[in-house]
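**Student:** Please see the structure below; I have some questions.
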Amino acid sequence: MVAIPSRQKADSHSSARVDKSFNLRAPVRALQPQLVSWRRQFHQYPELGFRERETAATIANCLAEWGIEYRDEVAQTGIVALIRGIRPGRTLAIRADMDALPIQEENDVPYRSQRDCLMHACGHDGHTAIALGTAYLLHQHRDRLQGTVKMIFQPAEERPGGAKPMIAEGALANPDADAIIGLHLWNNLPLGQVGVKSGPSMATSDSFQIQVLGRGGHGAIPHQTIDAIVVGAQIVTALQTVVSRNVNPLHSAVVSVGKFQAGDTFNVIAPRAEIAGTARSFTSEDADLLPRRIEEIVAGICQAHGATYHLDYRRHYPAVINDADMAMLVREAAISTLGDPACVVPEVTMGGEDMSYFLQAVPGCYFFLGSANAGAGLDYPHHHPKFDFDETALGIGVEIFLRCVEQYLDSALN
């Protein structure tokens, strides 16, 4: 068993027993309790993006104890570890994100978050545990590796984004990664299923903020004013036509307004309104179309009413586009682990992910690992204060990663 410093060991609530129908090798099954322990340690002590210092220290301590070469403080809190085989070959990168969310946890479990208004509500604690376990087992079998595996522990996926600065600081260099894979624990799929597809998988993730500037006044004398609420309401309504009338109907896109604030009292016409929302799409054509049409609509409506505006449109993560060959590699690894029926083509999601920057740099695949168990109440959606997942998925994730490494590096780890 792996010996590492840990705040707690897996207990009676642990998913340490792995379904024997899953084709997991013995070392992975033996590691399952430790995977649970790591995950729960990370879960109890969540940290926001670029503040994952305690998480990074735990990872670094493990890597140092095992004798794995690594570089820390990459993009502030990121870590890049190298498992070098005894024979030369290609380099495959594996990415895991480490950050939590500003959410107050509502789960009543022994491993609940010990930090107010901070929670691992998206599964990144599991991603980190899976990557750490993968690194350990690969290092144990490095004499059978033909090539190098680069483990990337990334900060700040939930914003402001850690992938891009990690790449800028050489996460994919020395040695250069030839390809990359990553996974997301996914409560939209049941435990025992894996979602893999080539091409677009997750959308761009942009945001916009609009300030409508009118002229305030008395609610009983509206002709002396430029009503920012009336102008803003027309903008919100008109924005709904961008997708329905400007985007190719065979494409997928979203323009959603999540914030509309204006006014202070019932009899005063508001001089200012603030509107904020998100725009998402899959193609570069639509990614350019959305901000252009949003500004044209805002400018036209404001001009018609005599108002002015400020628009701050920010492009965040590009779309996640999986390489066809790498998606096939992951699919084969998943099938060999769980069986053919368990590997499904998932619906694309309008959610964003900065794994997209890695996939722009090198061919790769980002896949979804089913983690929901409705019978155990482990099927709340991501970012929910009661989000949790079946920890049996941890061992499955390690096994799939190991099989991807074997196939890509033409190695045999058994």
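**Student:** Can you give the extra length, in nm with one decimal, that the chain gains between residue 61 and residue 412 once fully stretched, where that is 0.36 nm per residue apart less the Cα-Cα distance?
**Tutor:** Numbers: separation 351, 0.36 × 351 = 126.36 nm, distance 2.78 nm.
The residue 61-residue 412 span can extend by a further 123.6 nm.
**Student:** Per DSSP H run of at least 4 residues, take -39500 (n - 2.57); add these up for the chain, divide by its residues and hand me the 222 nm value, nearest 500 deg cm²/dmol. Let's see the in-between values first.
**Tutor:** On the way: 9 runs with 136 residues, N = 414.
After summing the helix terms and dividing by residue count, I get -11000 deg cm²/dmol.
**Student:** Continuing with this model, one more query. In the chain, if the dipole is taken from +1 on Lys/Arg beta carbons and -1 on Asp/Glu beta carbons about the Cα centre, which of 266, 133, 234 is farthest to the positive end?
**Tutor:** It is 133, whose Cα lies furthest towards the positive end.
**Student:** Estimate the FRET efficiency between residue 237 and residue 69 by the formula 1/(1 + (r/R0)^6), using the beta-carbon distance for r and 51 Å for R0, to the nearest 0.05. Intermediate results must be reported in sequence, preceding the final value.
**Tutor:** Values: r = 57 Å, r/R0 = 1.12.
Plugging the Cβ-Cβ distance into 1/(1 + (r/R0)^6) gives 0.35.
**Student:** So how tilted is helix 324-338 from the main axis of the chain? Cα-based, degrees 0 to 90, rounded to 10.
**Tutor:** 60
**Student:** Report the per residue volume, in Å³, of the convex hull enclosing the C-alpha atoms of segment 273-402. Let's see the in-between values first.
**Tutor:** Numbers: hull volume 20.1 nm³, N = 130.
Given the Cα convex hull of segment 273-402, per-residue volume reads 155 Å³.
**Student:** From the phi of every residue in segment 247-254, what ³J(HN,Hα) in whole Hz does the Karplus formula 6.51 cos²θ - 1.76 cosθ + 1.60 yield, where θ is phi - 60° and glycine or proline is x?
**Tutor:** 8, 3, x, 8, 9, 10, 7, 9
**Student:** Summarise the long-distance tail of P(r) for segment 84-137 by giving the % of C-alpha pairs beyond 15 Å. Kindly include the intermediate steps, with their values, before the conclusion.
**Tutor:** Numbers: 856 of 1431 pairs.
Of the Cα pairs, 60 percent sit more than 15 Å apart.
**Student:** With a bin width of 5 angstrom, please list the P(r) values of segment 294-351 as percents of all Cα-Cα pairs, from the 0 bin to the one holding the largest distance.
**Tutor:** The distribution over segment 294-351 is 4, 13, 13, 12, 10, 8, 7, 7, 7, 7, 7, 4, 1, given as percents.
**Student:** Give me the base-10 log of I(q)/I(0) for segment 111-221 at each q in 0.11, 0.16, 0.21, 0.22 Å⁻¹, Debye formula, one uniform scatterer per Cα, rounded to two decimals.
**Tutor:** One equal scatterer on each Cα of segment 111-221 leads to -0.59, -1.07, -1.51, -1.54.
**Student:** Quantify how much of the Cα-Cα distance distribution of segment 241-316 extends past 18 Å, in percent.
**Tutor:** Details: 1363 of 2850 pairs.
Percentage above 18 Å: 48.
**Student:** Near residue 197, which aspartates and glutamates are there with a Cα under 17 Å away, not counting those fewer than 8 places off in the same chain?
**Tutor:** Straight-line reach from residue 197, under 17 Å: 323, 325, 332, 340, 347, 353.
**Student:** A follow-up question, please. Who wins for biggest fluctuation among 292, 51, 29 in a Gaussian network model of the chain, springs between alpha carbons below 10 Å?
**Tutor:** Fluctuation is largest for 292.
**Student:** Next question, about the same structure. Kirkwood Rh over alpha-carbon pairs of segment 195-271, then Stokes-Einstein at 37 °C and 0.692 mPa s: what D in µm² s⁻¹, rounded to an integer?
**Tutor:** Values: Rh = 15.3 Å.
Reported coefficient: 214 µm²/s.
**Student:** Rank-order 238-244, 161-167 by packing density, defined as the average count of other C-beta atoms within 10 Å over each peptide's residues, highest first.
**Tutor:** Result, highest mean first: 161-167, 238-244.
**Student:** Okay, moving on. Accessible area per residue for the chain in Å², computed with a 1.4 Å probe and the full protein assembly in place, what is it? Display every interim value, and only then the final one.
**Tutor:** On the way: 17030 Å² over 414 residues.
Counting only protein heavy atoms, the per-residue value for the chain is 41 Å².
**Student:** Can you give me the Rg/Rh ratio for segment 170-301, using Cα atoms for both radii and the Kirkwood formula for Rh?
**Tutor:** Details: Rg = 21.2 Å, Rh = 18.1 Å.
For segment 170-301, the value is 1.17.
**Student:** Further question on the same structure: Need one number: nm distance between label points at residue 221 and residue 295, each 7 Å from Cα along Cα→Cβ, rounded to one decimal.
**Tutor:** The answer from the label model is 3.7 nm.
**Student:** So if each residue of separation counts as 0.36 nm, and I subtract the Cα-Cα distance between residue 248 and residue 316, what length gain in nm does that give?
**Tutor:** On the way: separation 68, 0.36 × 68 = 24.48 nm, distance 2.23 nm.
So the chain would gain 22.3 nm between residue 248 and residue 316.
**Student:** Here is a follow-up. With the dipole of the chain worked out from charges on the C-beta (+1 for Lys and Arg, -1 for Asp and Glu) around the Cα centre, which of 114, 88, 33 lies farthest toward the positive end?
**Tutor:** 88
**Student:** Please report the carbon-and-sulfur percent of the accessible area for the chain; probe 1.4 Å, protein heavy atoms only, DNA, RNA and ligands left out.
**Tutor:** Details: 8400 of 17030 Å².
After summing per-atom areas, the C and S share lands at 49 percent.
**Student:** Something else now. For residue 259 and residue 350, what does the FRET efficiency come to when R0 = 22 Å and r is the distance between their Cβ atoms, rounded to the nearest 0.05? Walk me through the numbers on the way to the answer.
**Tutor:** Working: r = 18 Å, r/R0 = 0.82.
Rounded to the nearest 0.05, the efficiency is 0.75.
**Student:** May I pose another question? Counting Lys +1, Arg +1, Asp -1, Glu -1, what net charge surrounds residue 156 among other residues with beta carbon under 9 Å of its beta carbon?
**Tutor:** -4
**Student:** Is the C-alpha gyration tensor of segment 331-414 telling us rounded, prolate or oblate? Criteria: a/c under 1.5 is rounded; beyond that, a/b larger than b/c is prolate, otherwise oblate.
**Tutor:** On the way: a/c = 2.10, a/b = 1.29, b/c = 1.62.
Here segment 331-414 falls in the oblate category.
**Student:** Now for a separate question. Could you estimate the translational diffusion coefficient of the chain from the Stokes-Einstein equation, with Rh from the Kirkwood formula over C-alpha pairs, at 10 °C and 1.306 mPa s, in whole µm²/s? Could the numbers behind the result be given before it?
**Tutor:** Details: Rh = 22.8 Å.
Once the numbers are plugged in, D ends up at 70 µm²/s.
**Student:** Which of rounded, prolate, oblate describes segment 9-144, given a ≥ b ≥ c as roots of the alpha-carbon gyration tensor eigenvalues and a/c under 1.5 marking rounded, otherwise prolate only if a/b is larger than b/c?
**Tutor:** On the way: a/c = 2.35, a/b = 1.26, b/c = 1.86.
Oblate, since a/c reaches 1.5 and b/c is not below a/b.
**Student:** Using label points projected 7 Å from each Cα along Cα→Cβ, tell me how many nm separate residue 308 and residue 324, to one decimal.
**Tutor:** It is 5.3 nm.
**Student:** Note down the nm distance, to one decimal, between modelled labels 7 Å out along Cα→Cβ at residue 26 and at residue 213.
**Tutor:** Each label point lies 7 Å from its Cα, and together they span 7.3 nm.
The values are calculated or read from the model by the stated rules, or taken from the named source; none is laboratory data. These numbers were taken from a predicted model, which means no experiment stands behind them. Neighbour counts run over all protein chains shown; Cβ positions are idealised from the backbone, glycine included. Note: accessible area is taken over every heavy atom of the protein model, side chains too, but ligands, DNA and RNA are not part of it. Shrake-Rupley method; radii C 1.70, N 1.55, O 1.52, S 1.80 Å.
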